[in-house]
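Let me begin by presenting the structure, written as structure tokens, before commenting on it.
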Amino acid sequence: MITEQMKAIPFFSSFSPSQIQEIILSNHYVCYPKKAILCYECDTLKSVYFLLHGRIRVYKINRFGQEIFLYHIRQNGLITGLFKNISYGNIEFVEDSNVLIIPQESFWNLVRKYSLSSPLLQLHQDYIMRLESIIDQEIIFDGLAKVSHFLDQHLDEFNALKKQEIAACLNIQPETLSRILKKLHRDNIITTDSRGNIEIIQQIKLRNNYRTEEK
């Protein structure tokens, strides 16, 4: 199972099963329970972390003690940056998760040994795109754009979460979320099935709510 989880990460996709097994045996494969904290904001990081299975949320605490949600990390992704040894935010597991932990020196030896410059660049670009999405969400997107983007990109997750959790993820009030969902229903862009799950009826119109505001 671990081999399949690692192969699902593009960075490791070219590795043979024996090479992946070697990486697993020489590093750390850790299972974290829901609500466990991987690290806090500004912690020094001495390893590179890959989320093989599960989901993580990254958030900051403002000077008033309030949580400011930044983004989710879903399975098959890099958790922390490659070129900065300080944690960007507090990293918490929101469900039971599996993580591959590679000490930084071992990681860079791996890159050199297998000539992984191209996969490394893609890995870094994906991480930068994740940070850029924070700018879209918090500076460019209004409430309607935030909700539309979440529905379009993460519908299954939207239906799995409670409305209060969704509002917290989008840094909007639950009342605002309810008003936006009612508007999307009125505009016949989404509907709700018999189980209470949202279904998208007009995806193009939904995307127009946020794509017109993207860079």
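The values are calculated or read from the model by the stated rules, or taken from the named source; none is laboratory data. Fair warning: this is a prediction, and the values are worked out from it, not measured in the lab. Here the Cβ is made from the backbone with ideal geometry for all residues, glycine too, and neighbour counts use every protein chain on show.
Name the residue, out of VAL94, VAL99, VAL111, that is touching a residue at least 12 places away in the same chain (Cβ under 8 Å) and closer than 21 Å to GLN21 by Cβ.
Only one candidate qualifies: VAL99.
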- Query: When the stretch 79-88 is examined, which residues are found to be hydrophobic (A, V, I, L, M, F, W, C), surrounded by fewer than 16 Cβ atoms within 10 Å (Cβ to Cβ) and either under 21 Å from PHE69 (Cα atoms) or modelled with pLDDT of 95 or more (or both)?
  - Reply: ILE86
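Take residues that are touching a Leu at 6+ places or on another chain (Cβ under 7 Å) and more than 22 Å from GLN66 (Cβ to Cβ) and tell me which of the helices (runs of 4 or more DSSP H) falling wholly in the stretch 106-211 contain 3 or more.
Details: elements: 117-135, 143-153, 155-160, 163-170, 174-186, 203-211.
Qualifying helices (runs of 4 or more DSSP H): 117-135, 143-153.
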- Query: Hey, LEU151 hits all of (1) in contact with a Phe, Trp or Tyr (Cβ under 9 Å, 6 or more places away or on another chain); (2) modelled with pLDDT under 95 but one; which does it fall short on?
  - Reply: (2)
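Any residue that is in the same structural domain as GLN104 (by TED's automatic domain parsing), part of a loop (DSSP other than H, G, I, E, B) and buried (at least 18 other Cβ atoms within 10 Å of the Cβ) - is there at least one of those in the stretch 29-44?
The initial filter retains those residues of the stretch 29-44 that are in the same structural domain as GLN104 (by TED's automatic domain parsing), namely 29-44.
Still in the list and also part of a loop (DSSP other than H, G, I, E, B): 33-36, 40-43.
Adding the requirement that they be buried (at least 18 other Cβ atoms within 10 Å of the Cβ) leaves none.
No: the stretch 29-44 contains no residue that is in the same structural domain as GLN104 (by TED's automatic domain parsing), part of a loop (DSSP other than H, G, I, E, B) and buried (at least 18 other Cβ atoms within 10 Å of the Cβ).
Regarding the stretch 93-104, can at least one residue be identified that is part of a helix (DSSP H, G or I) and either touching a Lys or Arg at 6+ places or on another chain (Cβ under 9 Å) or closer than 19 Å to TYR59 by Cα (or both)? Explain how you work it out, then say what you get.
Initial filter on the stretch 93-104 (part of a helix (DSSP H, G or I)): 104.
In the following step, the residues that additionally are either touching a Lys or Arg at 6+ places or on another chain (Cβ under 9 Å) or closer than 19 Å to TYR59 by Cα (or both) were identified as 104.
Looking for residues that are part of a helix (DSSP H, G or I) and either touching a Lys or Arg at 6+ places or on another chain (Cβ under 9 Å) or closer than 19 Å to TYR59 by Cα (or both), one finds at least one in the stretch 93-104, hence yes.
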- Message: One residue is enough: does the stretch 172-194 have a residue meeting the conditions closer than 15 Å to HIS72 by Cβ and within 20 Å of the chain's Cα centre (by Cα)?
- Response: no
- Message: Among the listed residues GLN104, GLN153, GLN125, GLN75, identify the single one that is in contact (Cβ under 8 Å) with a residue 40 or more places away in the chain, surrounded by fewer than 15 Cβ atoms within 10 Å (Cβ to Cβ) and within 25 Å of TYR49 (Cα to Cα).
- Response: GLN104
- Query: Of all residues in the stretch 57-86, which are closer than 24 Å to GLU105 by Cβ and not in a loop (DSSP other than H, G, I, E, B)?
  - Reply: ILE73, GLY77, LEU78, ILE86
- Message: For the list (1) closer than 23 Å to GLY77 by Cβ; (2) touching a residue at least 60 places away in the same chain (Cβ under 8 Å), I need the number of the one condition that ASN209 fails.
- Response: (1)
- Task: Starting from residues that are under 15 Å from the mean Cα position of the chain (by Cα) and of a type in the set (A, V, I, L, M), keep the ones in the stretch 89-101 and report whichever is surrounded by the most Cβ atoms within 10 Å (Cβ to Cβ).
- Result: ILE91
- Message: All but one of (1) in contact with a Leu (Cβ under 8 Å, 6 or more places away or on another chain); (2) of a type outside the set (A, V, I, L, M, F, W, C); (3) assigned to a loop (DSSP other than H, G, I, E, B) hold for TYR49; state the number of the condition that does not hold.
- Response: (3)
